[in-house]
1. Determine the dipole magnitude for region 97-140: charges of +1 sit on the beta-carbon of Lys and Arg, -1 on that of Asp and Glu, nothing else is charged, the reference point is the Cα centre, and the result goes in debye to the nearest 20.
2. Would region 3-180 count as rounded, prolate or oblate if I go by the C-alpha gyration tensor, calling it rounded below 1.5 in a/c and otherwise prolate when a/b exceeds b/c, oblate otherwise?
3. Can you tell me how much longer the chain between Arg144 and Ala219 gets when fully stretched, taken as 0.36 nm per residue apart minus their C-alpha distance, in nm with one decimal?
4. With each pseudo-label sitting 7 Å past Cα toward Cβ, what's the Asp69-Arg55 distance in nm, one decimal?
5. Can you give me the C-alpha center-to-center distance between region 35-81 and region 150-206, rounded to a whole angstrom?
6. How many nm separate the modelled label positions at Glu129 and Ser205, each set 7 Å beyond the Cα in the direction of the Cβ?
7. With +1 on each Lys and Arg Cβ and -1 on each Asp and Glu Cβ, how big is the dipole of region 3-180 about its Cα centre, in debye rounded to the nearest 20?
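None of the figures in this text is laboratory data; all of them are computed from the coordinates on show. Since this is a predicted model, take the numbers as computed values, not measurements. Cβ placement follows ideal geometry from the backbone for every residue including glycine, while neighbour counts extend to all protein chains displayed.
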Amino acid sequence: MCGLGRLLRVLLERDQELKLLADLLAGVGSSGGKVVLVRGEAGIGKSSLVETFARAHEDGAHMLLGSCDDLLTPQPLGPFWDIARREASLFQLLETGDLRAMMETLLGLLSRKLRPTVLAIDDTQWADEATLDVIMFLGRRIARTNGVLIITYRDGPVDIDHPLRQVIGELPPNSVVRVHLDRLSAEAVSTMVQDTDLDLDAVLSLTSGNPLFVAEVVAAGVDTVPLSVQDSVLARASKITHGARRVLELVSVSPGDLERSLIDEVLDATQEELAKFKDKMSPVYDWWLTKVPGGKKYIEFAETHH
Ligand SMILES: Nc1ncnc2c1ncn2[C@@H]1O[C@H](COP(=O)(O)OP(=O)(O)O)[C@@H](O)[C@H]1O
Ligand SMILES: [Mg+2]
């Protein structure tokens, strides 16, 4: 993406969160380092928040940004390869796979005195185990550093069984600050559609104020579901298990209420599969509810049966 385009883009209704991050960064010397947990649904603006914060403070702090990816072959320490592009001292450690040395080096970077350090790990719902170990190690020691560790993750997938949940549970409560990103208000959405011919109410009902979906609708210039959004929904649906997808198909075409036992019998769907479907689809529930034939029924079903 063109750098200037990104620079000019304004984040709506995120002043409070940006100020909170700025205050934490300014306070590391007096109050100690912090872990900031930024969570919210897909497209809500987690990455944008971190990038905007990083840009605004890149002169005053060392910025180390890395992302986890939803790879079919998970890479150990994935986000630290991103960071190594800026912090070459990490390259050799990544190549040798020396996890302990890696942790110590990162702790050293976070403890630099002259300028504070921000270490941000995006999309941690996809973190590999080694990355989670690093987060745990750094998070438990963050108070004594001169740094801020920002961890972003999606709401839905990080449920009670998710390994990230256990990492979060082990962090010292005094070191943890939580940020939950909400959908945009009607005012913000109206700002985003103001130079278009789009009907505000139609965009609101289609997107429910999810900034990514609003941006896509604005870019497409039509208040129907743009192809890019359909693609992202289908990409999600393609990851659900075969059994859950067949349940979805059956429920979508069924005229009346379905008994769970009938579904089990016909489709062999397990509760786990239904729960997974719910997680995968959660960011687009509203769209699914209103736009997909039978979607409402399916969601209600998945919600009451797992
Ligand atoms: N607060 C906001 N105001 C306006 N647009 C936003 C805002 N947050 C996100 N966006 C738009 O939505 C898109 C998706 O945001 P992103 O940060 O990638 O979401 P996430 O990382 O939570 O999936 C961004 O490219 C941006 O265009
Ligand atoms: Mg993101």
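1. 460
2. Numbers: a/c = 1.25, a/b = 1.11, b/c = 1.13.
Here region 3-180 falls in the rounded category.
3. 22.5 nm
4. Inter-label distance under the simple model: 2.3 nm.
5. 14
6. 5.0
7. Values: 20 positive and 24 negative charges, 155 e Å.
With only Lys, Arg, Asp and Glu charged at Cβ, the dipole is about 740 debye.
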